[in-house]
Every structure is written in structure tokens, then in C-alpha cells.
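To keep things clear, I will list the structure first and then write my remarks on it.
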Amino acid sequence: MDLATIIGVVSGIVFIVISILLKGQLTTFFDAASIMITIGGTAAAMLISYPLTKFLNGLKVIRHAFHQDTVEEPDIINMIIDLANVARKEGLLALEEKAVELEDEFVKKGILLIVDGTEAELVRNVLETELVFIESRHKKNQKFWEDVATFGPAWGMIGTLIGLVNMLQQLEDPASVGPNMSVALLTTLYGSLLANFVANPIAAKLAERSDSEIATKELLIEGLLSILAGENPRIIEEKLKAFLAPSVRESIGAQEDAGEEVGA
Amino acid sequence: MDLATIIGVVSGIVFIVISILLKGQLTTFFDAASIMITIGGTAAAMLISYPLTKFLNGLKVIRHAFHQDTVEEPDIINMIIDLANVARKEGLLALEEKAVELEDEFVKKGILLIVDGTEAELVRNVLETELVFIESRHKKNQKFWEDVATFGPAWGMIGTLIGLVNMLQQLEDPASVGPNMSVALLTTLYGSLLANFVANPIAAKLAERSDSEIATKELLIEGLLSILAGENPRIIEEKLKAFLAPSVRESIGAQEDAGEEVGA
Amino acid sequence: MDLATIIGVVSGIVFIVISILLKGQLTTFFDAASIMITIGGTAAAMLISYPLTKFLNGLKVIRHAFHQDTVEEPDIINMIIDLANVARKEGLLALEEKAVELEDEFVKKGILLIVDGTEAELVRNVLETELVFIESRHKKNQKFWEDVATFGPAWGMIGTLIGLVNMLQQLEDPASVGPNMSVALLTTLYGSLLANFVANPIAAKLAERSDSEIATKELLIEGLLSILAGENPRIIEEKLKAFLAPSVRESIGAQEDAGEEVGA
Amino acid sequence: MDLATIIGVVSGIVFIVISILLKGQLTTFFDAASIMITIGGTAAAMLISYPLTKFLNGLKVIRHAFHQDTVEEPDIINMIIDLANVARKEGLLALEEKAVELEDEFVKKGILLIVDGTEAELVRNVLETELVFIESRHKKNQKFWEDVATFGPAWGMIGTLIGLVNMLQQLEDPASVGPNMSVALLTTLYGSLLANFVANPIAAKLAERSDSEIATKELLIEGLLSILAGENPRIIEEKLKAFLAPSVRESIGAQEDAGEEVGA
Amino acid sequence: MDLATIIGVVSGIVFIVISILLKGQLTTFFDAASIMITIGGTAAAMLISYPLTKFLNGLKVIRHAFHQDTVEEPDIINMIIDLANVARKEGLLALEEKAVELEDEFVKKGILLIVDGTEAELVRNVLETELVFIESRHKKNQKFWEDVATFGPAWGMIGTLIGLVNMLQQLEDPASVGPNMSVALLTTLYGSLLANFVANPIAAKLAERSDSEIATKELLIEGLLSILAGENPRIIEEKLKAFLAPSVRESIGAQEDAGEEVGA
């Protein structure tokens, strides 16, 4: 599980609940009809915006915000170095056995291309094309949640407008004005939470995950091509470490940082 | 019919109607003058923004949001493989007969270019130029509905301002304040619905459709050029499948997925 | 005259007037001081933003929103074919006579370059440089009206704030609150109309006109270069028709459409 | 002095003053504390945003919005033609004397490079690098005022919120509600004026000035390189005139316009 | 310490405090629950948006807004000239000793590459790759604070909505309406200050710092490559000075400015 997401979700809910309880009660803030128009309206707009399969797929990716990154960059470098050692000692063909043990399909594909004797330029080409498609699919998933973050508050306001119009027709009973208006405002609150507690943060974390997956896969491509070129494992390590932030490099060797004074 | 659009439209209307009926009545929410200033004003602004033919064309593309995609990517690949087999066995000229049976004018054009003995580079050039023009026409149609989504709420607010000014001139009759203000708010509600239930979702689905049509046509270009190059149908299949999302690939063969952990 | 602009302006005014008259009277909505602060303030901000000549020029281009496009793409193609026929039968020099009859300075310039025996690459260069400058001038004119659309509502709000501050100082007379507030809101209404009924639609139509002029001129460049290359008029026609939307192509020959299922 | 800026500033102030005086008095609209929180808060935010030297430099560029462009494009062309004539008759070295008389350091630098016998490619390189740096410095100055235009209204709202909170704590005295609220609104008014009467217009005029300076300097580079190439002054004139808008060209010779129907 | 940041923070706090004290008291403006929902909610949203390490790293970079730039461009140029003199007199290898004394890891890395006899093209390549990664890390840190600036006001509004709903449920006690509403507004005030007094200014100063660090490092790369090429220290000085703003150049030699009339 992604720790930050869990802390964020739990603490956010706690803050909201305390904030409500200090001067009111939770039941006031739960209104089925308001939930229906905000969430339902947003879902309706999203269904018109996306084909059904993409709509369902968009909902499913929410799980990625809760999954921990399984592959860390230093691990990738260590794996590449292992593979480079195997290739050096036992030849490129020995990589095939190794490939079977790996979980990551992307490395597997790369190794199989190498073992097949594919030219370096073509290996790079095939893997980078794959990367471009992966990146474009990720971008669409982020777009999906950014759209939710746009439609949510809009439908919240639509709900509030419907509530206000109804309330303004019934001004004869002054006692009902307050509660009616308070219910009308609930949809705006729901829409705002949908955007700023759910959709935008999810889109941001998906972007973060995508960035780090792309970076990892670029590292992999460089590493595999170095292996194919028969480079020294020590040199490969140096080369790949240039891809990492100075603070992360240390977890591999004891190399000095590159000079960077601001905003590391 | 596009299922998602239908579900979206119907469920959206149901949610709005229920939301209104819970505390008011539908007739309060229908006001011909408010519809006139919101829809009419938006239409007027759009007419100043666009030449008449483009305005009418912009309205017509709304039907695309309701049409189901007729061509699926796996179908295209299967069609290309069929054509490749024909070309292999009976020669490129045999494709001409096949072309006549096809509905898609874009493939037809491509096949005819091939049959005419056009050079590969020129075939790619002609078809990609066509694609660029198709894409730019699609972009303009999306822009049309994005403009509606901008003008709608703006004219909704103009209507509300007119209503408020009129109301504020007649404050002597306190009983009329509520209903007058409620009517004034209706245009804002209409404008908001026009943007978030109609125009923005349509623009988004047009973009979605355009993306998938462009992707399909790019697949077609690659496939036709492979046929022209006399490549093995089996190789062509492998090559084209790299264009598909892993989940879609399965519907063609039983190929393994490329490694992608996040946001597929 | 551009029909759409006329319909838009007239219908927009009619909708606004009806909307006002249904519950109030026109005189309430006319306030010289409010017009002064909204229009005057916007003009003042625009004068600080632009040098005087560009400010005056920006105002003048408004007429383009009302002019009908005089040159249609099919007409251009027909003209090019005529010229190609002349060049084929009587030689390139015969084009000079033809050029004198033409109104469009851009074609004239192109033909004179051809007649002068300029190399194809240089002709393309000179004409495309010209096109780049035309496009950049158009972009600035659109920017001018987009700036008006930004300053208009801002100064409308400034006017409303001035009105509200004055009103709040005179709360002792409750009877004046309504009318005073109603007048204060007028500037917001004016600013909103300035942006959404005048400036944004004008900017959009200027963009539309610019696009179609640029497309026409690109067609011209291709056509003139084909003439210079001595291509067959029939081939030129085919080539230039690829620049047109399928629906427009029909007005030239009886060619089939290129396959495009979505958003034509 | 830049006439448009002067007219804009003066007319803007007149419009605001009249607008206030029609229904209130000027003293109501002057409140030292409100000015402090709006201007002071914006300045504080800008100081955190920029290093001190850049903050002071950003304030200083405001004078450019009031300065008239001293160099007009036709003057530049005439100067280039003069220089070209000198170079033709008396040789490139004779330009050195001429250079001493010129005020513009950029031309001076260019001429000295030419006199030194620098290669054409290097001259272009040096001058264009200089231009890139000039442009990036201009962009930062525009950004400075765009930031002021963002922080101004934000701090105006902060001031209004402080005022409202204070007012709501003292509701017991109904007579003070109006004036207190009116003072609270003043900061929003100040912030709005800071953005729409000062900062945004200044940023726009700086952009305008930068564009015209860059265009002038590009003209200079082309001209100097033509002189270095020993081109005929008459040819140089023709060449440089292609950089000008048709309407400006006339002030040099009596050349026909290039065909441009829309948005000149 | 960065003087501008200190002045900005102190003066901003002073302005806010005075502004409050003129018509109210500080205690009214401090409300623990309001701080909790605004800051806590924003933090929760940021935690869902970013992995834990990036969240903590994002918070840490705030210190860069308070640090003074330690390296000034003229100092860099002087250092490069020193190194160039050493290299000229004692040979490239003598630079190694010098490198040990330097603090900046980036120069060190560059010098070591030179001493190792690396080819110029490869030195540039390695250092520029390093620069690209530094820049991308800086961009992410700015993005972090821009996200805070987006979530802050959003959660401020969520807090206000919760407060308003609670207040509207308790309208029976008119005396509590004012204070309750005033507390409800506090979260909007906090959110606005978080964005416009903290997050946006920090993001801007990080951008400023990043720009100047990148510019300095580009200067370094040019300088090191010139040393490697064995250029004359005097020539190197001239070359590097072209990277500086005219006003900064003077602090090195007594060179004339390049002509720039607007917006230096």
C-alpha cells in the first residue's frame, strides 16, 4: 500500500469530521439527494465524454494511487548489473534463462530481443515505441481524473442552483430558509471535495507514478543496450547512476554528488 | 448507438428531475424567456464567431457523440492481414477487387494508390497529408463545442444580471422578490447545464472519437505500407499489435503483454 | 456582408431586448455613467497596453467580422487551373497579362516572380515569408480583441465595486438600496456583454477568417509552384483538391470523398 | 512620451473620478489602511518571489511604458541604405567612422564586427545570441508585472476578508455595517485597479515594445549582413521592406501592397 | 539569508497585523479548527498527490527561498579565467589540484573529465545531461508549491462551506450569526494567505533560483570547454560576458553595453 495515500485519506477524513463536529453534527452533512446530483451528474457527464470501456477503465486506475511502487530505481540498476555480469561471463544467450525468472514484461521483452540477436538500433526503437504508447495511455488516465475534477464542482453548483431556486419559491416559511439553504450548499461542498480530496490528488499521483515508471523504463533501455554493447558492468553502473538524483545514488555505491545547490 | 452517451444522457436527466422534485416542482424550472436568453444569446455569439456554414456544420457533428465506433482496431488488423494474404497469393493487383467491397474510403484510396504502383514514400505522404487535414477538421469541431461551453455560462450570467436588475427595481413588493430572484437564477442554471451536461461532454467525446479514428488510420497506413513492401502477414500482425493496448491485443492472438505496472 | 455576423448581432439584440421587456423596461438598462466606466475604463487600459497606431488599427479590423469572404477555395483552384492552361498553351510569359487582371496582390506577386524566371525554391521562400508575416499580424489583431474581452468584465466589476461602496455609504434611505444596487450591477452586465457579445466573438471570427485566408494562400503557393514546374492542369487539380474538406471538393469535380467517419 | 499611455492614464483616472462623484465623494474611496494591505501585501509577495535586485529592476522598467519608441522601422531601413551606400562607395572600413556617430549599441557592435572582417555566419551568430538574451530579459520583465496583476486582486480579497471578519464581529451596531462593509470592499477595488489599470496594461505594452524592438533588431541583422555581402542598396531596400506591414511600407517607397484581405 | 525574502515575510506580517488591529483584534483571527481544516486538508490532498519521500522533500526545499545565491555570475567568470590562466601556464593536468579546492561539485566533475582527457563533445554531453536532470528536479519542486497554492484556497472554501452549513442550521439565535459567519470566512482567508503569501511566492523564487543556477552552470560548461580548447583567457572573458545582462557585465571589465533600449 502507498503510505502517503493512506495517511492523506485518513487524516483528510479526520480533519473534515472534527471540523464538522466542533459546531454541528455529521447527519446534517449527509444528504442522499445532494450526493446523487453531484456524483450522479458528474458520472453522467463523464459517460457522455468517454466510451463505456474507457469510462470503466478510468475508474479502475484509481487503485494505482494506493499501490506502492514495486520497483525502485536502485533495484533496477542492481538487476542490470547482475545481468551484465551474467552476459559477460556466460554470453548473451545465458540471459534467456535469467529472463524467465523476471516478472517485468518490459525487461523480458528487451532481453528476448537481445537474445534473438536483434540490432541495437532496432531494440531501442521497439522498446521506445512501447514506452511512447505506455506514456500516452497514462496521460489519458490522468486526463480522466482531471475531467472528474472539472465536472465535480460544476455539478455541485448545478445542485446548489436547483436548491436555491426551490428555496426561493418557498420564502413564506422563514424557518425553512436556513436549513434549505444549508442543504443547497451541500452539493457545492461535495463537488469541492470530489475535486480537491479525490480527483485532483489521484490525477497528481498517477502522473507521479507514470513519471517514475517511465524513468525506470528509460533506465532499463539504456542498461539493456549497454549489455548488448558488451560494456563493462562497472562502467554501466556509473552511466546509469547519472540518471538518478544525487540523494538516491548513495544507495548504490559511495559516489560523490554532482554540484547542485538549489532545489535538489 | 453509443451506449455510454445514452446512459449518460438518460441518467443525467433522471438525476436532475429527481433532484428538482424532491423539494419543488418541474414547472418552476421551465421558463421560456430564460431559455431564450441563454440558448439564444449563446447561439448569437456563436454566429458572430463562425461563418454560417461552419456554424451549421458544428451543430451537425453532435450526432457523432451518439454513434458507436464502427471500426475496431482488431478488426482493422484482421482486415490488413486478409489483404496481405491476398496480395501474397494473388499479387498486388488482386487487391483492386477487394478494395471495391470496402466501405472505408481511406483504405480504398490507399489500396488504389498501391495498385497504381505508387512508390511507398509517396503513398505514405498522400495518406498522412489526408490524416493531417482530417485531424485539423476534428480539432475545429471540438473547438466549436468548447466555445459553446464558454459562451453558455457567460450568457447564463447575463440573463441572471438582467433578472437581478429588474428585480431590484421592484423591491416594493417583498412577496415578488423570492420568485423573481429564483427566475433570475434559472439562466445561470441553464448555462451551467449547457456547458457541463452538453457542450463539454460532447467536445470530450469528439476528441475521444478523433483520437481513436486517427490511431486506426495510422494503423491502416502502416499496414498498407507493409503489404506494399511484401512483408509476411505473420510479421505484419506482430508489428501492428505493438500499436494496441495490451488488453486489446489479446482479442487478436495469445501474445504476452508488455510490462506495464501503472495506469494501463 | 457576412450573413452569420448579421444574424448573430440582430438576434442577440432582439433576445436581450425581449428578455428585459418581459419584466422591466429598457430605460432602466441604459445608464451613461455605467457605460462610461465600463467602455471608457476598458479603452483606457487598452491605450496603456498598445501604442496609439496599434490601438486604432485594432479597432479598425472589426470590419473584417462583417465582411464576407470574397475568395472561396474552389474559385482559387479554378483560377489556378485557368492559369495552368494559359501557361501550358502560351508559355509562362503569357501569365503576365493575366496577372494584371487579378485583384489579389498575393497571386500577382507570385506570378510576377514566376514570369521573372525566379527559381522555384526562392518563389516558395518569398511567398511563405510573406505568409508568416500576414499570419503574425492576424494573431495580433485577435489578441487585441481577446484583451478587450479580458479588460471589459474587469472594468465592469470595478464599476460595480464603485457603485456598491457608494450605496453602502447611504444605507439610511432603504428605498434607494434597490435602485442603487441595480445600477451598480449594470456595469457588470455591460462588461459581460462587451466580452461575450462583442470582443470574444470578433476575435473568434478574425481567427476563422485568418485560417481560411492562410489556407487559401497556401493553396495558391502550391498551385503557382505546380504551374512553374509545368505540371499537367488535370494533375494540379487533383493535387489541390487534397487541401479541401471532402464536402467542398464536390463543387469542383465529382471525386469520391476520403474515408472519414467522425467529425467531418 | 508615449501618447497612448498618457491618454490612457489620464482618461482612466477621469472616468474613475467622475464615476465616483456622480453618486458619492472621493474621500470615501481613499483609505490608507486599505491601500497598505493591498499594495503592501502585493509588494511583500513580490519580494518573496524575486531577489531584491530583480524586484527593483522590475519596478524600474515601468518607465518603458511611458517612453515613445525612438526608432521606427522605416528609419532603420533608411539608415541601413545609407550605410550600404557608404560601404559601396568607400569600402567596408569607412563604416567605422559612421558607427561612432550612431547611438544604438547593437548596430555599433554589428558594424564593428563587420569592419573587423568577421565572417558573415559568425556576425549573425553573435548578434542573434545577443537578441535571444535581450528577448529573455524582456520576457522576465513582462512576467514581473503579470505576477503583480495576479497578486494584486488576491491581496485585495485578503483585505476584504479581514474587513468582513472584523465587521461580522461587530454586528450589534447596525449603523456601522454599511460603512464597514464599504471599506472592506475598497481593497478589492484597489486590487482590481492595480491589475487592470496598472500591471496588466504595463505588461502588455512591455510585450509590444519588446516585439517591435526585436523586429527592428532582426531587420538590422539582415541589413548588416546584406551590406557585408556587398549587395546593391536598392536590392537591400526591397528585401527589408518585406519585413514591414504593407501600410508601413509606403513611408519608404511607393511599392504596391502584398495581397492581404483580412486583418491587416 | 536572502534579504528580499526576509523583508517580504516581515513586512507582509506587519501589514496584515496592522490591517487587523485597526478595526478588530488579533484573537478573532486565530482559530485552531480553521487552521486545521485549511492546512490539514491541503496537506492531506498533497499526501494523496505525492509519494511520502517527495512530499517531505517538497517541504524541505522551502529553505532555498531563504538562502542567498552563493555563486554570482561574475564570480564564475573570474574563476573560469583563473582556471584558464592555470591551464595555459601549467597545462591541463595542473587543474586537478585546483579542482580539489573548489566546493561546487559540478565544476569539479567537469574539471576531472577534462583532466582525464575526455573529448570535448563528451564533456559537453555529460554536463548537459546532468543539467537536464537538475532542471527537471527543480521543476518538480516548483510544481509542488504550485499545487499547494491550488489546494490551499480550495480547502479554505471547503472549510467555509462547512462553517456556513453549520451556521445556517442554527439561525434561531440571530446573535450568533455574525460571529459564526466570521469564523466560517477565516478558512477562506487562511487558504488565500497560504497561496498568495507562502506557496506562490516560494514557487516563484524557486523558479528564479533555478533559472540563475542553470544560467551559471551553462556559463561554466562554455568556460570549461573553452579551457579544454586552449582558448586565450582574454577571449574566454569576452565570450562569457555575452551571457550576462549589460548591467552585470560592468562588474567584470569596462566593456560597453550592447544596444538595448527597452526593458533591460
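The values are calculated or read from the model by the stated rules, or taken from the named source; none is laboratory data. No experiment lies behind these values; they were computed from the predicted model shown. Neighbour counts are summed over all protein chains in view; Cβ atoms, including those assigned to glycine, are modelled from backbone coordinates with ideal geometry. These area figures cover heavy atoms from the full protein model, side chains too; ligands, DNA and RNA do not enter into them. Shrake-Rupley method; radii C 1.70, N 1.55, O 1.52, S 1.80 Å.
From the square roots a ≥ b ≥ c of the eigenvalues of the alpha-carbon gyration tensor of the range A:1-120, which class results: rounded (a/c under 1.5), prolate (a/b over b/c), or oblate? Oblate is the answer for the range A:1-120, as a/c is 1.5 or above yet b/c matches or exceeds a/b.
Dipole of the protein assembly as shown, Cα-centred, from +1 at each Lys and Arg C-beta and -1 at each Asp and Glu C-beta, to the nearest 20 debye? Intermediate values should be presented prior to the final figure.
Values: 105 positive and 185 negative charges, 895 e Å.
Once rounded to the nearest 20, the dipole reads 4300 debye.
Ranking of A:Glu121, E:Glu222 by solvent-accessible surface, largest first: A:Glu121, E:Glu222 (1.4 Å probe, protein heavy atoms only, all chains present).
Straight-distance candidates among the lysines for linking to B:Lys23, with alpha-carbon spacing under 27 Å and chain neighbours fewer than 8 residues away dropped: A:Lys23, C:Lys23. Peptide D:121-129 has a mean shielding of 1, counted as Cβ atoms of other protein chains within 10 Å of each residue's Cβ. Across peptide D:31-43, the average count of Cβ atoms from other chains found within 10 Å of a residue's Cβ is 4. The solvent-accessible area of C:Ser212, taken with every protein chain present and a 1.4 Å probe, is close to 30 Å². With runs of 4+ DSSP H residues as the only contributors, calculate the mean residue ellipticity of chain E at 222 nm using -39,500 (n - 2.57) per run, divided by the residue total and rounded to the nearest 500. After summing the helix terms and dividing by residue count, I get -23500 deg cm²/dmol. Residue by residue along D:17-28, Cβ atoms of other protein chains within 10 Å of the local Cβ number 5 on average.
Compared with the dominant principal axis of the Cα atoms in chain D, helix D:174-193 is inclined by about 10°. The charge dipole of the range D:145-225, taken about the Cα centre with unit charges on the Cβ atoms of Lys, Arg (+1) and Asp, Glu (-1), comes to about 140 debye, rounded to the nearest 20.
Computed over chain A, the Cα gyration tensor eigenvalues convert (square root of 5λ each) into semi-axes of 53, 21, 13 Å, ordered from largest to smallest.
Ranking B:His67, B:Asn166, B:Gly24 by Cα position along the charge dipole of chain B, where only Lys, Arg, Asp and Glu carry charges on their C-beta atoms, puts B:Asn166 farthest toward the positive end.
For the protein assembly as shown, the spread of Cα coordinates along the three principal axes comes to 82, 80, 80 Å, biggest extent given first.
Spatially, the range E:45-67 and the range E:126-171 are offset by 11 Å when compared through their Cα centroids. Ranking A:Ile134, A:Leu240, A:Ala195 by how far each Cα lies toward the positive end of the dipole of chain A (charges on Cβ) leaves A:Ala195 at the top.
The portion of the accessible surface of the range D:15-128 made up by carbon and sulfur, rounded to a whole percent, is 59 (1.4 Å probe; DNA, RNA and ligands excluded). Entry comment: accessible area of the protein assembly as shown is 42 Å² per residue, from protein heavy atoms only and a probe of 1.4 Å.
Between B:Arg63 and A:Lys60, how high is the FRET efficiency from 1/(1 + (r/R0)^6) when r is the Cβ-Cβ distance and R₀ = 30 Å? Nearest 0.05. Here the calculated transfer efficiency is 0.50. Note on A:Lys108: lysines with a C-alpha under 16 Å away, same-chain residues under 8 apart excluded, are A:Lys98, A:Lys217. Magnitude of the charge dipole for chain A, about its Cα centre and with charges confined to Cβ atoms of Lys, Arg (+1) and Asp, Glu (-1), is about 1080 debye. Rounded to the nearest 10 square angstrom, E:Met181 shows an accessible area of 70 square angstrom against a 1.4 Å probe. Take every pair of alpha-carbon atoms less than 8 Å apart whose residues are at least six positions apart; their mean separation over the length of the range E:79-189 yields a relative contact order of 17 percent.
Relative contact order of chain E, please, whole-number percent, based on alpha carbon pairs below 8 angstrom and at least 6 residues apart. Each step should come with its number before you reach the end.
Numbers: 230 pairs, mean separation 75.0, N = 264.
Reported as a whole number, the value is 28 percent.
Distance between the 7 Å Cα→Cβ label points at A:Glu97 and E:Asp211: 5.9 nm. When chains C and D come together, the accessible area they lose, probed at 1.4 Å and totalled over both chains, is close to 4400 Å².
A dipole drawn for chain A from +1 and -1 charges on Cβ atoms has a positive end, and of A:Ala215, A:Pro153, A:Ile13 the residue lying farthest that way is A:Pro153.
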